[in-house]
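Have a look at the structure below, then the notes.
The values are calculated or read from the model by the stated rules, or taken from the named source; none is laboratory data. Values in this document were obtained by computation on a predicted structure and should not be read as measured data. Using ideal geometry, Cβ is built from the backbone for each residue, glycine included, and neighbour counts are taken over all protein chains shown.
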Amino acid sequence: MPHRFFQAQSTHVTQSPPDTQPGPDPTTQDPLLRASGICKRYGGVVALDHVDVTFFPGEVHALMGENGAGKSTLGKLIAGAVPATAGDIEVEGQLVRIANPTDAQRLGITIIFQELDLFPNLSVAENIAIRNLRFGESGLVRYKRMDEFALKALGRIGLDISPRTLVGDLPVAHQQMVAIARALSMDARLIVFDESTSALTDDAVDRLFEVIGQLRDEGVACVFVTHKMDEVFRLADRVTVLRDGRYVGTKRAAETDMAELVRMMIGHDVDTSKHSPSHATEQPMLRIAGLQTPALKDVSFDVHRGEVVGLAGLVGAGRGEIGRALFGLDPITGGSVELAGRQIGFGSPRQAMRAGVALLPRDRKTEGLMMQMSVRENTSLAVLPRISPAGWIGRGEEASRCDAVGQTTRLKAASPHIAVSSLSGGNQQKTLLGRWLLTDADLFFLDDPTRGVDIGAKEDIYKIIEELAQRGKAIIMVSSELPELIRCCDRIIVMNEGRSVADLKRSETNQEEILTYATAGPVVSA
């Protein structure tokens, strides 16, 4: 059975393994697409500033940079999702105008968005066929032909589902694969993959990489927007780095390493091997004994003030469900939970928040942020009772608190009044984290807090976690990356099928031992 565990299992990055080695140098051919002097402005905000980049047939070209560097904007611009403010695009040497996605599709260009643009109330087949020039829509809907068209696309990625299934009934990973199947069905010559692995399990990622390898062999240019170094060195022929909307440089993947790319991305070195110092005290904050919920069978561990405790395990092992139980989202059916010496069992998030519990959810967009509300409104949501004692929001106090926490998280936003949906993924995460920092909770449950953020934003979040621990807060941290847990946590609790099966000291464990307990192992104690 494939281990659906961590998307990156080591800070050590190797070059491409034999099964994904790039073929002949694609740059010896004529370019498929050349973008010159590309600029994109949103009002006074410069997203892209005179960027030049070239993509060749049969290459995987990674776009890297910190959140807000402009890499997703560049991908969307090439695919017609947003118009350029200035600059030229040539396809096979011919100057073209790409005003919308249909223009791009006619030129053989398409994009797979990080934020899926599927219709949840339509079937898989309908989502693949709609506005697809290769399908050829007509006034009469022919479902059998639509199903056959969809099944061919689904077969290319190995997704065995009925084309009549409603997309909204699929798990997020399968929805992502449907979006990929739709792009493949368009017979595109250039496909932009915008963080396409962020919602996929490891086996689905492996299948996607196989598909990308096949596309490269067929002469398709694959533009791969990602934060993950292991993906870059596994897939990419060349890597282009952007910083603050500007072009920094392009390197052949085989001729660079992680340290150089990090320097290009953030302008200085980052020591990814260091460990956060421990601030754990002897004073317990949380005690869980035999906890049971509909998803948990037997969970027991303590968290002390100033301590960072990590939760590791396979997908579905019950890591995030512990946070849901502590925050009053899932009913506790057995066992006991003590917070600061008092037994608790919250019936709602409101009760949990009043008691000093904060939950940073794994999916910031569906469970955390109000995407059309402003950055400031999203930040202040959890403390509205404190800043509106008479029922009216004190705008001055709201601004003061939100601006201060924005400085703490190093939030980058053109204005606190813009919609949070306009921010990069890392700055959206910092907005959500800032909300819970304002509550000054005693217990923070952080469910994959660095998911989908770049290495610079990760360092900012690690620093915040350390500062919380230094102030005596208790932190429980779920992560999809073992090196992250070993770096940030004092202890690591390993979950296996709803049970806590190991309690390991960071200084005495390693990735192999954690993975062993995650798949099978006896209960041990540190």
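With Thr431, Thr516, Thr450 as the choices, which residue is in the same structural domain as Ile387 (by TED's automatic domain parsing) and either farther than 29 Å from Leu369 by Cβ or of a type outside the set (D, E, K, R) (or both)? If you could, list the steps in order and put the result at the bottom.
Numbers: Thr516 fails: in the same structural domain as Ile387 (by TED's automatic domain parsing); Thr450 fails: in the same structural domain as Ile387 (by TED's automatic domain parsing).
Only one candidate qualifies: Thr431.
Can you tell me which condition Ala69 does not meet? The list is (1) more than 18 Å from Asp49 (Cα to Cα); (2) in contact with a strand residue (DSSP E or B) (Cβ under 8 Å, 6 or more places away or on another chain); (3) in contact (Cβ under 8 Å) with a residue 24 or more places away in the chain, and all the others hold.
(1)
Any residue that is surrounded by fewer than 18 Cβ atoms within 10 Å (Cβ to Cβ) and closer than 17 Å to Thr110 by Cα - is there at least one of those in segment 161-175?
No; the residues of segment 161-175 include none that is surrounded by fewer than 18 Cβ atoms within 10 Å (Cβ to Cβ) and closer than 17 Å to Thr110 by Cα.
Regarding segment 217-239, can at least one residue be identified that is surrounded by fewer than 20 Cβ atoms within 10 Å (Cβ to Cβ) and either under 22 Å from Ala125 (Cβ atoms) or modelled with pLDDT of 90 or more (or both)?
Yes, segment 217-239 contains at least one residue that is surrounded by fewer than 20 Cβ atoms within 10 Å (Cβ to Cβ) and either under 22 Å from Ala125 (Cβ atoms) or modelled with pLDDT of 90 or more (or both).
Output the number of the condition that Thr250 fails; it satisfies all remaining conditions of (1) closer than 24 Å to Ala355 by Cα; (2) part of a strand (DSSP E or B).
Among (1) closer than 24 Å to Ala355 by Cα; (2) part of a strand (DSSP E or B), the lone unmet condition for Thr250 is (1).
If a residue must be closer than 30 Å to Asp454 by Cα and either at pLDDT below 90 or over 26 Å from the mean Cα position of the chain (by Cα) (or both), how many such residues does segment 387-409 contain?
Residues that pass the stated criteria total 4.
For segment 413-436: of the residues being modelled with pLDDT under 90 and buried (at least 21 other Cβ atoms within 10 Å of the Cβ), which is nearest to Gly68 (Cα to Cα)?
Selected residue: Ser424.
May I ask you to say which residue of Thr281, Thr240 is part of a loop (DSSP other than H, G, I, E, B), among the hydroxyl-bearing types (Ser, Thr, Tyr) and touching a strand residue (DSSP E or B) at 6+ places or on another chain (Cβ under 7 Å)?
Matching residue, one of Thr281, Thr240: Thr281.
For Glu115, work out the one condition from (1) within 25 Å of Leu32 (Cβ to Cβ); (2) among the charged types (D, E, K, R); (3) in contact with a Lys or Arg (Cβ under 8 Å, 6 or more places away or on another chain) it doesn't fulfil.
(1)
Answer with yes or no whether Ile455 is at negative phi and modelled with pLDDT of 95 or more.
no
Give me the pairs, please: first residue somewhere in segment 40-59 and surrounded by 17 or more Cβ atoms within 10 Å (Cβ to Cβ), second residue anywhere and assigned to a loop (DSSP other than H, G, I, E, B) and acidic (Asp, Glu), beta-carbon distance under 6 Å, and either six or more positions apart or on two chains.
These pairs meet every condition: Glu59/Asp237.
Could you tell me which residue of segment 69-127 is surrounded by the fewest Cβ atoms within 10 Å (Cβ to Cβ), considering only residues that are small (Gly, Ala, Ser), touching a Ser or Thr at 6+ places or on another chain (Cβ under 9 Å) and part of a strand (DSSP E or B)?
Checking each candidate, the answer is Gly87.
Checking the condition within 21 Å of Arg362 (Cβ to Cβ) and at pLDDT 80 or above, which residue from Asp187, Asp194, Asp202 passes?
Asp194
Output the number of residues of segment 462-476 satisfying the condition of being buried (at least 24 other Cβ atoms within 10 Å of the Cβ) and within 23 Å of Ala317 (Cβ to Cβ).
3
Does segment 429-457 hold any residues that are in a helix (DSSP H, G or I) and farther than 22 Å from Leu485 by Cα, and which are they?
Kept after step one, since they are in a helix (DSSP H, G or I), are these residues of segment 429-457: 429-439, 455-457.
Of everything in segment 429-457, those that are in a helix (DSSP H, G or I) and farther than 22 Å from Leu485 by Cα turn out to be Thr431, Arg435, Leu438, Thr439.
Take the residues in segment 301-311 that are in a strand (DSSP E or B) and closer than 13 Å to Pro284 by Cβ, then tell me which one is nearest to the chain's Cα centre (by Cα).
Step by step, filter segment 301-311, then rank; the result is Val309.
Where residues in segment 324-342 are in a helix (DSSP H, G or I) and touching a strand residue (DSSP E or B) at 6+ places or on another chain (Cβ under 7 Å), which of them is surrounded by the fewest Cβ atoms within 10 Å (Cβ to Cβ)? Steps first, please.
Restricting attention to segment 324-342, the residues satisfying the condition of being in a helix (DSSP H, G or I) are 324-326.
From what is left, the residues that are touching a strand residue (DSSP E or B) at 6+ places or on another chain (Cβ under 7 Å) are 325-326.
On the way: Ala325: 28, Leu326: 26.
Only one residue tops the list, namely Leu326.
Kindly provide the set of residues from segment 229-251 that are of a type in the set (D, E, K, R) and farther than 15 Å from Ala69 by Cβ, ordered by number.
Of everything in segment 229-251, those that are of a type in the set (D, E, K, R) and farther than 15 Å from Ala69 by Cβ turn out to be Asp230, Glu231, Arg234, Asp237, Arg238, Lys251.
I want to confirm something. Restricting to segment 261-289 and keeping residues that are modelled with pLDDT of 90 or more and among the charged types (D, E, K, R), which single residue is farthest from Leu326 (Cα to Cα)?
Here the residue is Glu282.
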